[in-house]
1. Can you tell me which residue among 240, 235 is surrounded by 15 or more Cβ atoms within 10 Å (Cβ to Cβ) and more than 19 Å from the chain's Cα centre (by Cα)?
2. Consider residue 42 carefully, then state whether it is in contact with a helix residue (DSSP H, G or I) (Cβ under 9 Å, 6 or more places away or on another chain) and free of Cβ contacts under 8 Å to residues at least 60 places away in the same chain.
3. Of the residues that make up segment 297-312, is at least one in contact with a helix residue (DSSP H, G or I) (Cβ under 7 Å, 6 or more places away or on another chain), more than 20 Å from residue 355 (Cβ to Cβ) and touching a residue at least 24 places away in the same chain (Cβ under 8 Å)?
4. Which of (1) over 26 Å from residue 355 (Cβ atoms); (2) out of contact with any helix residue (DSSP H, G or I) (no Cβ under 6 Å at 6 or more places or on another chain) does residue 89 not meet, given it meets every other one?
5. Any idea how many residues of segment 350-394 are touching a residue at least 60 places away in the same chain (Cβ under 8 Å) and crowded, with 24+ Cβ neighbours inside 10 Å?
6. Does residue 265 fit the bill of being assigned to a helix (DSSP H, G or I), in contact with a helix residue (DSSP H, G or I) (Cβ under 6 Å, 6 or more places away or on another chain) and within 20 Å of residue 73 (Cα to Cα)?
7. Any idea which of 39, 16 is buried (at least 23 other Cβ atoms within 10 Å of the Cβ), more than 16 Å from residue 186 (Cβ to Cβ), at pLDDT 95 or above and out of contact with any strand residue (DSSP E or B) (no Cβ under 8 Å at 6 or more places or on another chain)?
8. I need the full set of residues from segment 210-231 which are surrounded by fewer than 15 Cβ atoms within 10 Å (Cβ to Cβ) and either over 17 Å from residue 250 (Cα atoms) or out of contact with any helix residue (DSSP H, G or I) (no Cβ under 8 Å at 6 or more places or on another chain) (or both), in order please.
């Protein structure tokens, strides 16, 4: 029997993808405070400064998505693993890698401002056509037509997409595969290597974790010219598609796969009634979110000693409360892992000039992984208590269709706003902090509703 989707994981993914859209659609410049942007690109000019330590909620968004991707790997691949075949799962991982890499290239080059230096109605219309074409490339067409027909449509669609990339006179010149969405390209690498590592260590989670120190060792010795570390770090058969540098995010993906293993085990166990411990469970959920907020404040404001003190108190309380809920081993495991990784990250904070997303530090990987465990713990409790159903379902619907949510803004909404001149309405909202944030909420809300529509009619983009 096929197990139902894990809603808390969909909510985590949906939260991450909607926050990605939000942080890119709020007013830029000197309207909003610096904690509303990447810590290393502060207002008003948003010039990258790698010497600025700290993280904001914007810097946490990508790790949350990576963690949810890692946690989804065991759930997606368990059936393939149980069948004992090696060829089919690896072929699936290679295929997914290629499809995501193409998605990274196509969606970036289909943006109107990449196509033309001065976008006009033609380039805006082309972006919308590209968005529609993606439905035929990545949509679950076999739900609506026969498998052979769906396959033919996909081949033709990809052919049109390749022709577009080869023939369109882009603003930067002839097509260059290096021009791709680095976020999606990192996800492509993580889906492949994370899936590969999980498949061969599915029954050996400690071996999976043991891979991470070797990756760390390669990074730490990568600048030693002539060393094996330097050779491995710089070698790439396809430089525009793979760089060892991307593997740093395995420090988030692999802990995510451990969480996925536990979710898988929990789903197969007898369900229990959490109602009689509802108050304790709610306190755990609130405390988990509070720890996320505390760390974002403390690490950004550089109140490091106070932040550490509050974390020690909060983490001890979290461990005590989850221990009280003895009937649920999942809660304890998520809490313990989150506490361990968070504290490890905080003690790494002084290394590499403080916690930073760019250039990312070990403190960043560990702290963000720990906070992702807390977020998943909170959402899992909310799911099991069956509270906040409507907002949970809405966010989860976005998490089930993240590829649509990620591209709808750039390839559909922005072109439509520009073609209808409604973009001037949004631009006029850059006058103050409240309006500048509301602008982002409106934009994100429209993207969310578009995504939810396709989720509810069961039309998904898949790789």
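1. Every option except 240 fails the conditions.
2. Criteria met by residue 42.
3. no
4. (2)
5. The qualifying residues number 18.
6. no
7. Going through 39, 16 in turn, just one is buried (at least 23 other Cβ atoms within 10 Å of the Cβ), more than 16 Å from residue 186 (Cβ to Cβ), at pLDDT 95 or above and out of contact with any strand residue (DSSP E or B) (no Cβ under 8 Å at 6 or more places or on another chain): 39.
8. Across segment 210-231, the qualifying residues are 210, 213, 214, 221, 223, 224, 225, 226, 227, 228, 231.
The values are calculated or read from the model by the stated rules, or taken from the named source; none is laboratory data. Remember, predicted model here, so these are calculated numbers, not experimental data. Cβ sites come from the backbone with ideal geometry, for glycine too, and all protein chains shown count toward neighbours.
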